[in-house]
Amino acid sequence: MTAARVVLWVMAALFSASSLQILLIAGGFLGLGTALPYAVIAALCALCAVRLPRFALGGAVGLHVLLALVFFTQMARIGLGEPMGLVGMLLPLTVVALLLLPSSREHLRGNRR
């Protein structure tokens with residue numbers, strides 16, 4: 001469970017850095033509009049990292065929806081010819097794999113009662 005939280009924090013930091021980079025390069029309202037989705041995803045990753053130990057069924061489903069969104073945005077990056085999308089694709093898959101470990105499933109199942 002702790003490793004999944006660390007990976008979520010890493011994802012939040014990477015999306016925050018991407019958001020800031022886009023905002024600084026594009027500038028103005030165009031940069032703000034382009035950077036806003038990345039900032040929202042970063043905030044959601046940070047929120048999930050904080051709340052992960054206390055997640056119930058709804059939180060776990062929400063986390064998986066967020067991870068699917070991140071996965072598909074990284075697939076789009078690969079489709080646009082950006083090879084770092086492959087690294088970005090591996091992060092949500094790592095979180096899903098860590099959440100599917102028996103100890104993590106037992107912890108999440110215990111919080112649902």
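Points to keep in mind about this one:
- Selection status of residue 41, in contact with a Phe, Trp or Tyr (Cβ under 8 Å, 6 or more places away or on another chain) and either surrounded by 14 or more Cβ atoms within 10 Å (Cβ to Cβ) or at pLDDT 95 or above (or both): yes
- A single entry from 76, 68, 26 fulfils the requirement of being surrounded by fewer than 14 Cβ atoms within 10 Å (Cβ to Cβ) and free of Cβ contacts under 8 Å to residues at least 12 places away in the same chain: 76.
- In the range 26-59, the residues that are over 15 Å from the mean Cα position of the chain (by Cα) and of a type in the set (Lys, Arg): 54
- Restricting attention to the range 81-95, the residues that are at pLDDT 90 or above and under 15 Å from the mean Cα position of the chain (by Cα) add up to 8.
- All of 86, 108 fail the test of being more than 18 Å from residue 3 (Cβ to Cβ) and touching a helix residue (DSSP H, G or I) at 6+ places or on another chain (Cβ under 7 Å), apart from 86.
- Condition broken by residue 103, with the remaining ones in (1) free of Cβ contacts under 8 Å to residues at least 40 places away in the same chain; (2) closer than 17 Å to residue 1 by Cβ; (3) over 18 Å from the mean Cα position of the chain (by Cα) satisfied: (1)
- Yes/no for residue 62 being closer than 24 Å to residue 107 by Cα, without any contact (Cβ under 8 Å) to a residue 40 or more places away in the chain and surrounded by 14 or more Cβ atoms within 10 Å (Cβ to Cβ): yes
- Failed item in (1) touching a Leu at 6+ places or on another chain (Cβ under 6 Å); (2) buried (at least 17 other Cβ atoms within 10 Å of the Cβ), with residue 46 passing the rest: (1)
The values are calculated or read from the model by the stated rules, or taken from the named source; none is laboratory data. Since we're looking at a predicted model, the values are computed, not measured. When we count neighbours, we look across all protein chains shown, and the Cβ atoms used for this are built from the backbone with ideal geometry, even at glycine.
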